Amino acid sequence: SHARNKLYEILDMVRIDLSGKSIFDINDVNGELQKAAPALDKSLSELLYAYYPKGGFYRRHVDAVSKSASVLRSYSLLLYLHDKWDENDGGYLRIHLDSGGDFLPQGEEPNFVDVKPEGGTLVLFKSDKIPHEVLDTNAERTAVVGWYNRPYTSADIESLASEGDKVRGMMLLVAAGLVTVGAASIIAG
């Protein structure tokens, strides 16, 4: 439909605006430049329509986890689509501001911001840095959720390979080396 295509166009413009912009770069405590906004790969963007039934929720988590395919996620997005929402409907997006990931660190006080899930609200945040959750919903609602992903690298492939894959890969390299030596010996005669 026209509306859906317009939505995709707008979300792609957001991706372009976030992709590789030096305005987001910072210097760390040692003065080293940290690229805060990686280039984003359009073909790897993930977008889906989400339906939250009454009683739906997501507990605290981060969206990009090392040694999983989600490590490519750079930015998370949530766009609420429903028409009506009121305080009693619940379903707030809770953005955690403490130093934890999937759990509140022991000894730290909870520190968070709750975002009202009002239709038309767009929320963007760094996928690997911001723990968040959706609090219990008391009414149905819909949203577009997704992730803008960076391109994958050989280091990503290496980190995702199982130990068995690594052993098989090493055995193939050894076999290829032996075949090469053998072929060179035959040719040299």
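For the range 105-117, give me each residue that is assigned to a loop (DSSP other than H, G, I, E, B) and open to solvent by 70 Å² or more (accessible area, probe 1.4 Å).
Step one: list which residues in the range 105-117 are assigned to a loop (DSSP other than H, G, I, E, B), which gives 105-111, 116-117.
Once the filter is applied, which keeps residues that are assigned to a loop (DSSP other than H, G, I, E, B) and open to solvent by 70 Å² or more (accessible area, probe 1.4 Å), the range 105-117 yields Gln106, Gly107, Glu109, Pro110, Asn111, Lys116.
So, of the residues in the range 134-150 that are surrounded by 17 or more Cβ atoms within 10 Å (Cβ to Cβ) and over 16 Å from Leu48 (Cα atoms), which turns out to be modelled with the lowest pLDDT? Even if it seems obvious, please write down each step before you answer.
Looking only at the range 134-150, we keep the residues that are surrounded by 17 or more Cβ atoms within 10 Å (Cβ to Cβ), and these are 134, 137, 139, 141, 143-150.
Narrowing further to those that are over 16 Å from Leu48 (Cα atoms): 134, 137, 139, 150.
Details: Val134: 94, Thr137: 93, Ala139: 94, Arg150: 89.
It comes out as Arg150.
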Can you tell me how many residues within the range 66-104 are charged (D, E, K, R) and part of a helix (DSSP H, G or I)? 2
Per-region count, the range 62-101, residues open to solvent by less than 70 Å² (accessible area, probe 1.4 Å), within 30 Å of Ala161 (Cβ to Cβ) and over 11 Å from the mean Cα position of the chain (by Cα): 2
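The values are calculated or read from the model by the stated rules, or taken from the named source; none is laboratory data. Since the structure is predicted, the reported quantities are computational estimates derived from the model, not experimental observations. A quick note on method: Cβ atoms are made from the backbone with ideal geometry, for glycine too, and the neighbour counts reach across all protein chains shown. Ligands, DNA and RNA are excluded from the accessible area calculation, which covers all protein heavy atoms including side chains. Shrake-Rupley method; radii C 1.70, N 1.55, O 1.52, S 1.80 Å.
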